[in-house]
Amino acid sequence: MPISSHMIIFDRTYEIKDISPLQSSEGILGQSAYRDGVIYLDKSVDLSLSLRTLWHEAVHVAQQDLSTAADEAEARWIALFVHNLLAANPWLAECYLDELDTVPFDVESE
Ligand SMILES: [Zn+2]
């Protein structure tokens, strides 16, 4: 399955666009543009790296949404954690696909 052209985070849809060739040539794999609702991603690298980068940028969006400062270490750790958790336990994703129509998120209940 290819990476989608959009991603929903906290009920807001973000476009997933290719990162510019200049940024790609500089080794930048992803960037989140919170105000524009866009996540830029280098999809030319292998899928595992693209997915980890997507998680990383999604965490940055969440950090912005929760009005916290962008925290590189936190984004890196959470992205790696979620990616490895799903890769090692694919049944988790299958449960969401099979059993849930929507995944509600309530910040206040956390
Ligand atoms: Zn980052």
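The values are calculated or read from the model by the stated rules, or taken from the named source; none is laboratory data. Since this is a predicted model, take the numbers as computed values, not measurements. Because the Cβ atoms are built from the backbone with ideal geometry, glycine has one as well, and the counts that use them run over all protein chains shown.
The number of residues in the range 30-41 that are more than 9 Å from the ligand (Cβ to nearest atom) and either small (Gly, Ala, Ser) or modelled with pLDDT under 95 (or both) comes to 4.
If you check Leu66, Leu100 for being over 15 Å from the mean Cα position of the chain (by Cα), touching a residue at least 24 places away in the same chain (Cβ under 8 Å) and surrounded by fewer than 17 Cβ atoms within 10 Å (Cβ to Cβ), only one passes: Leu66.
For the range 62-77, a residue qualifies if it is more than 11 Å from the ligand (Cβ to nearest atom) and either closer than 15 Å to Gly30 by Cβ or outside any helix (DSSP H, G or I) (or both), and the qualifying residues are Ala62, Gln64, Leu66, Ser67, Thr68, Ala69. Here Met1 clears all of (1) surrounded by 10 or more Cβ atoms within 10 Å (Cβ to Cβ); (2) modelled with pLDDT under 90 except the condition numbered (1).
So, in the range 17-47, of the ones that are touching a Phe, Trp or Tyr at 6+ places or on another chain (Cβ under 8 Å) and in a strand (DSSP E or B), which residue ends up surrounded by the fewest Cβ atoms within 10 Å (Cβ to Cβ)? Selected residue: Asp18.
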